[in-house]
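Asks: Structure below; questions to follow.
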């Protein structure tokens, strides 16, 4: 669909910043009043990225207008023409944003402005301004841009997303399908959603307020006219709204924006560990009453946890915050100020204890190289009670899994062919006999295995009942 930028209007913006200050008591606001107050601070964003310079010669004949291959060629490098291809057209995108300061700072999604050569921001009165990027954070999909208007701009303020309740009414405003300011209403359908896009730092708000293409970067308001989220993604088999949209909570947006406004970058805490969620089988093997917390699978040699945390430690709380879900730890650590010392409650060798850890600054980590295990040719079947249902062989640094029976405890636990078993319970193993002896000595209903897979150390809980 071709999007035609809005025509610049000559009329002046009638709303003023003071009109956007939320009143003390706004529960009686009707939707029309709320939309009228906040819409002047919601903007349309249009970006353009130059097309590749190279053309591909091929002597192809002209294709008639409407031919299905025209769209194919537009997407993949060129537009067909007489004697070959002419250069592809520039790519354009559209999105939404909102002004949060009278100086012209605008918040939107990273994916709206990523890779753009030019960014234009259109106000609700259709005046347009060129924008420059202050900073952008791909991990949370938050970006900060700025326009120079020469006058004070209307703006909106952040509300408390943490206090949102499921079922609470919300309003979304944005540039749906490039049509300009569109207002939709709905409720908070769920909180704390993990939609598995981007980094592990966002628990999204789910809403049934209609969100469509072009709404990305637009605000989600509570009924007091405060921004409680930034609309970012939809779940849809059709490309249109089916009542499942997701917004980044304002608590995250406001924190990221503060960093970006300061120096254009985001500082995140880092402790330098690889982690796994505690499953029911792991909890049973460690005698934990419930499957909560995070188990440490690796500790970086150059990380702040080296010498403080150990592989096999289970983190139960971080800086006083209990770990209810496996993805809690990265979010808690990321929002911690680097250089600060925080208490960490762990389970080590069946004993609960509290240690103090100084949080470092997150850095880009190199990928781990995979070193194949050297397998002794004749595999040995690990027999005896209990039987994991695997064939094992001595390897260079442990005991390699040669095969896994389809109906076995190992298969149910997720053990795969090629895994190298390093420990069974608290015993280091170097032969199939070591594995068998450790299993016989284990007295619980589950056993914890430490394995290596694709160069990474992992823990696997195997149920033996």
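Asks: Give me the orientation-averaged projected area of the Cα convex hull of region 161-263, in nm², one decimal.
Replies: Hull-based average projected area comes out at 6.8 nm².
Asks: Continuing with the same structure: For 207, 428, 182, which order do you get if you count the other beta carbons within 10 Å of each Cβ and list the fewest first? Show your work: numbers first, answer last.
Replies: Numbers: 207 29, 428 12, 182 21.
With the sparsest Cβ surroundings first, the list reads 428, 182, 207.
Asks: Kindly rank 123-131, 223-231, 325-333 from highest to lowest mean number of other beta carbons found within 10 Å of each residue.
Replies: On the way: 123-131: 18.0, 223-231: 24.8, 325-333: 20.2.
Packing order, densest peptide first, comes out as 223-231, 325-333, 123-131.
Asks: Based on Cα coordinates alone, diagonalise the gyration tensor for region 269-361, multiply each eigenvalue by 5, take square roots, and list the semi-axes in whole Å, largest first.
Replies: 21, 13, 12
Asks: Right, another one. When only C-alpha pairs under 8 Å and at least 6 residues apart count, what is the relative contact order of region 380-463, in percent?
Replies: Reported relative contact order: 27 percent.
Asks: Moving on. Using alpha-carbon positions, what is the distance between the centroids of region 342-359 and region 392-465, in Å?
Replies: 27 Å
Asks: Taking other Cβ within 10 Å of each residue's Cβ, how do 465, 161, 300 sort, fewest first?
Replies: 465, 300, 161
Asks: Then there's this: Exposure proxy check: 185, 268, 165 ranked by fewest other beta carbons within 10 Å?
Replies: 165, 185, 268
Throughout, read-outs are computed from the coordinates displayed, never taken from laboratory work. Everything numeric in this text was worked out from a predicted model, so none of it was measured. We place every Cβ from the backbone using ideal geometry, glycine too, and count neighbours over all the protein chains shown.
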